[in-house]
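The structure appears right after this line, and notes come after that.
The values are calculated or read from the model by the stated rules, or taken from the named source; none is laboratory data. The structure presented is a predicted model; accordingly, all values stated were derived computationally and were not measured. Heads up, the Cβs are rebuilt from the backbone with ideal geometry, glycines too, and the neighbour counts pull from every protein chain shown. With ligands, DNA and RNA removed, areas are computed over all heavy atoms of the protein, side chains included. Shrake-Rupley method; radii C 1.70, N 1.55, O 1.52, S 1.80 Å.
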Amino acid sequence: MDKNSIIAVALSSLVLIGSFFIQSKYIMPKKQAQAEAQAAEMQAQNQLEKEKVKEENEKISASFAEEMSETTENVAVQEYEITTNKAKVVFTNKGGDVLSYKLLQHQDKETGDGVEMAMDVAGFNKAFATTFGGFDGVVLDDVFNVSVKDSKTILFYRDYEVKDSDGIPHKFTFGKKYSFADDDYAFKLEISVLSKEDENKLDLGGSAYTIRTSPQIGPKYDKKNRYEVRQFLALKNNKKIRKNITDKVYEMNGLEWAGTGGKYFTMLIKPVAPLTMNSSVKAISNKGNSTQIMLSRKAITEKNVNDTYYIYVGPRQESELIKYNDQTKNAWGLTNTKFNMALQSSGLFSPIERVLKWSLDKIHIPVGNWGVSIIILTLILKIILFPINKKQAVGSLKMQELQPRMKEIQEKYKNDQVKLSGEMQKLYKEIGYNPMAGCLPMIVQMFILFAMYNVFNNYFEFRGASFVKGWIDDLSTGDSIWTWNKVIPVVSGFTMNNLRLLPFIYTISQLLNGKITQFGNPGAASTQGQMKMMMYGMPIMFFFLFYNVPSGLLLYWTTSNILQIGQQLVINSVMKKKRNEMAAKKTVNANELKFKGGKKKTR
């Protein structure tokens, strides 16, 4: 090793040793001190939070105790009602549960009344019923005492003596307090456990009590309708969970809220103190006849405990759900609940969905009709995509022109893939053609199609929105020009006893569009069998698949087909002109070759 190398190695070693020394002597202790300080600060904050919660619990408990002492025990079973601008809620003092929860601003077409969000209730399974212990506990169905504080607040309470997991009995007062606000879909539920002894313990296998949602949310769920859903919804660690509901226990460490959802309505439970909840959440489907979840609270050892839950019962609509991200827009001062993550979205295409929804909203403001808004949006999209479609069509002609030269290159370099690729790139560059550009329109339109499907199939504003009275009265369901009651085998199952016009218009427009597209592509004769399948087979298949889709979605597709026919006629004209130019160019080239050949012979 030469002298310079030795010096370089020595200097490098000194630098390394020096850096290790500085890091161990100064940097690491400093980082460790910072980490310890942060941990101490966090611990202090947690302790302060615990003290605040304890202080708040003591205040609430004192308030509850005072409120409870003002009433006498009820003997008879009674029902109570609270009405807000959003809902009419009927309670029973048997368990302090909800018997009916009707949304006043949303009509159920079958009943003509408000949408019922507490369906299939029974004595053993009512909305917001509670059990002591975990999921398998017996639902509390005893007669509770009642205190009606005001027209929007009601408290149910009762004394209990419950043995803990060790068999030791404990006496306490169990209370459920419901508080409503006039213009909110969310309400507050407080569950209190107030000890009647020096110490308190409610521990049944690691759980104090379990609370459940309604057995089923409305409107009536028809399992045969594949465009309706019943889902388990949750948010944990800022990640949304959306599953078709089945009998299952989900592990939800980091749970922020959980609930159930249909196509247009949802019920969500948000614990104010998620850390007090057990991590498991149970979903119940009962073979699709119910849509319910259960959340259990961890064992209680404090003397007095008051747990608060905010429960959203209302439309699965962004404009309503997003209010609970801003404390100034809801009565409870809630912020950043992320209830809007309960919306039905297609994940990858959600940014496109947001743009489409925003566009629809803006168009609807001056227009005032959602059907017309769909048509205008479709027209705008077609205008935007027309240059891309035109470019794709012209590109296909360039490919036809290149075919002889491409075959020549492929044959020449068939044993050298690297050279073949290079020569092909040169060829594309020579005529200014990008082969990937042909895929772009297809990809763009596919993305928009998927996003449109999700928007038009789940957009709450389309529910009950009329386009043409007597034909398309509700854009969220299939159109109808005639209905019948008699059950016709096979036919009734397929048509749902409705004769619809829109699927026929859609199919005709699709067939016509395919025919015109074929006229614009005479070179398709070589793939005539495939073209016939695409042109006739696919539209007929789609007719049966889409017969009962929401009319808003079918209106978009039909309008798109009709506009595409007009665009295709323009593209066909452009293509015909280009073909004539190509044919003329070929003729000129052939004549030049012939002339040159004749001149050579005269020599």
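Report the FRET efficiency, 1/(1 + (r/R0)^6), for residue 168 and residue 238, where r is their Cβ-Cβ distance and R0 is 41 Å, rounded to 0.05.
Numbers: r = 40 Å, r/R0 = 0.99.
So, using R0 = 41 Å, E works out to roughly 0.50.
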Practice problem: Between residue 494 and residue 359, with labels modelled 7 Å along Cα→Cβ, what's the label distance in nm to one decimal, could you check? | Solution: 3.5 nm
Quiz prompt | Accessible surface, per residue, of the stretch 297-373 when the full set of protein chains is kept, probe 1.4 Å, Å² | solution = 45 Å²
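Taking the highest mean first, how do the peptides 296-303, 466-473, 96-103 order by number of other beta carbon atoms within 10 angstrom per residue?
Numbers: 296-303: 19.1, 466-473: 14.8, 96-103: 22.5.
Listed from highest to lowest mean packing, they are 96-103, 296-303, 466-473.
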Quiz item: Say each of residue 286 and residue 430 gets a label point 7 Å from the Cα, pointing the same way as Cα to Cβ; how far apart are those two points in nm?
Solution: 7.4 nm
Self-check item: Potential extension, residue 508-residue 413 segment - 0.36 nm per residue separation minus Cα distance
Solution: 29.4 nm
Self-check item: Descending principal axes extents, the stretch 175-320, alpha-carbon based, whole Å
Solution: 56, 36, 28
Quiz item: If you roll a 1.4 Å probe over the heavy atoms of the protein chains, what accessible area per residue do you get for the stretch 147-256, in Å²?
Solution: 45 Å²
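So, counting K/R as plus one and D/E as minus one, what does the shell of residues with Cβ under 11 Å around residue 329 add up to?
Values: positive: 323; negative: 183, 184, 320, 326.
Net local charge, residue 329 excluded: -3.
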Practice problem: Express the carbon and sulfur contribution to the solvent-accessible surface of the stretch 220-277 as a percent, rounded to the nearest whole number, probe 1.4 angstrom. | Solution: 49 percent
Quiz item: What nm value, rounded to one decimal, do you get for the distance between residue 301 and residue 569 when each label is placed 7 Å out toward the C-beta?
Solution: 8.1 nm
Quiz item: Of 201/287; 126/171; 243/270; 224/248; 126/270; 338/469, which pairs sit farther than 30 Å apart, going by alpha carbon to alpha carbon?
Solution: 201/287; 338/469
Exercise. Grab the beta carbon distance between residue 335 and residue 485, set R0 = 45 Å, and tell me the FRET efficiency rounded to 0.05.
Key: 0.30
Quiz prompt | Extension gain (nm, one decimal) between residue 545 and residue 383, 0.36 nm per residue minus Cα-Cα | solution = 55.5 nm
Quiz prompt | Label point at residue 109 placed 7 Å out along Cα→Cβ; residues across the stretch 251-267 whose backbone nitrogen lies under 14 Å | solution = 264
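Using 0.36 nm per residue of separation minus the Cα-Cα distance, give me the extension gain between residue 390 and residue 197 in nm, one decimal.
Values: separation 193, 0.36 × 193 = 69.48 nm, distance 8.17 nm.
Length difference between fully extended and current span is 61.3 nm.
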